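Since every read-out is calculated from the coordinates, none of them should be taken as a lab result. If you're wondering where the values come from, they're calculated on a predicted model, not measured in any experiment. Here the Cβ positions follow ideal geometry from the backbone for every residue, glycine too, while neighbour counts run over all protein chains shown.
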Amino acid sequence: MNMTLANRITMLRAFMSVGVFVCIVLHGVWFRLAALALFCAAAFTDWLDGKIARETGTVTHFGAIADPFVDKILVGGAFLAFASIKSLNVPLWAVFIIIARELMVSSLRALAALGGKVLSAEKAGKFKTFFQLMAAFAILLVLNFQTMLLAGSGAHTITPQMVDIYRLTLGIPYWISVLTALVTAASGAAYLYNHWAMLQDSWSDPHLRKAQKK
């Protein structure tokens with residue numbers, strides 16, 4: 001059977017996510033610009049695949065699981081790459097919180113799938129994803145500015161004003177990452193609270209559950 005158009009776009013976003021990660025960790029103005037362009041395109045497909053699936057009536061179980069999973073690859077990969085760049089000062093603990101939350105929610109979705117259920121994205125989760133995408137976009141802008149500034153330093157075109165702006169940008173990625181980690185953790189806590197009964201049921205004794213139902 002042929003894959004739906006929406007799912008093809010989702011898979012395309014997965015490949016673009018890898019491209020974003022690679023272009024961020026590679027040095028050079030053009031690589032960083034490519035990372036920004038790829039990230040914007042990937043973020044756009046996150047909206048596009050859902051719109052197409054709803055309007056064409058082609059919402060699938062694969063899409064319901066793959067779409068948020070690919071978002072995690074895009075965001076998690078970007079923040080991991082940010083943490084590897086010293087000038088951005090992105091704290092590893094914030095990246096750990098972001099990734100840990102995503103793994104927890106993915107585990108809950110896997111538990112639901114074992115029970116024949118599909119957990120769709122919640123409002124808190126959608127806001128979290130939007131916030132993460134905007135945060136990563138802002139950090140990418142800072143990274144591109146820093147890269148271009150350093151690339152032009154050899155041409156002796158840097159002014160005192162540009163140096164002051166550069167110093168101001170040094171703290172921006174740190175606080176954006178901290179705020180993103182807090183928003184991500186809060187949405188994870190809400191998701192865990194909403195599905196706590198399912199989690200309890202998954203770790204309880206199956207024989208005891210059957211006895212209680214009788």
Under unit Cβ charges (Lys, Arg +1; Asp, Glu -1), what dipole magnitude, rounded to 20 debye, does the chain have relative to its Cα centre? 540
For the residue pair residue 31 and residue 145, what label-to-label distance in nm results when each label sits 7 Å from Cα along the Cα-to-beta-carbon direction? 2.2
Out of 185, 110, 20 - ranked by how far each Cα lies towards the positive end of the dipole of the chain, with unit charges on the beta-carbon of charged residues - the top one is 110
Restricting to Cα pairs below 8 Å that are 6+ residues apart, what does the relative contact order work out to for segment 5-204? Please round to a whole percent. 27
Ratio for segment 36-117, C-alpha Rg to 2.2 N^0.38 Å, reads 1.30
Taking only Cα atoms of segment 56-95, the Rg to Rh ratio with Kirkwood Rh works out at 1.26
Can you tell which of 202, 187, 84 shows the greatest fluctuation in a Gaussian network model of the chain with Cα springs below 10 Å? 202
How tilted is helix 160-169 with respect to the longest principal axis of the chain? Cα atoms for both, answer in degrees (0 to 90, nearest 10). 10
Calculated from DSSP H runs of 4 or more alone, at -39500 (n - 2.57) each and per residue, what is the 222 nm mean residue ellipticity of the chain, nearest 500? -27500 deg cm²/dmol
Given springs between every Cα pair under 10 Å in a Gaussian network model of the chain, which of 180, 45, 129 has the largest fluctuation? 45
Starting from the 7 Å offset along Cα-to-Cβ, what nm value, one decimal, do you get for the label separation of residue 47 and residue 107? 3.4
If each residue of separation counts as 0.36 nm, what is the full-extension length gain between residue 58 and residue 18 once their alpha-carbon separation is subtracted? 11.8 nm
Work out how much length residue 201 to residue 114 would gain on full extension: take 0.36 nm times their residue separation and subtract the Cα-Cα distance, in nm to one decimal. 30.1 nm
Please report the Cα spread of the chain along all three principal axes, rounded to whole Å, starting with the longest. 81, 38, 24
Mind checking which aspartates and glutamates have their Cα closer than 14 Å to the Cα of residue 128? Skip sequence neighbours fewer than 8 apart in that chain. 46, 71, 102
Dipole of the chain, positive end: most advanced residue of 165, 60, 50 [Cβ charges, Cα centre]: 60
So how tilted is helix 123-151 from the main axis of the chain? Cα-based, degrees 0 to 90, rounded to 10. 20
Which order do the peptides 69-76, 138-145 take when ranked by the mean count of other beta-carbon atoms within 10 Å per residue, highest first? 69-76, 138-145
Measuring from the longest principal axis of the C-alpha atoms of the chain, the long axis of helix 172-194 (C-alpha) lies at a number of degrees, nearest 10, equal to 0
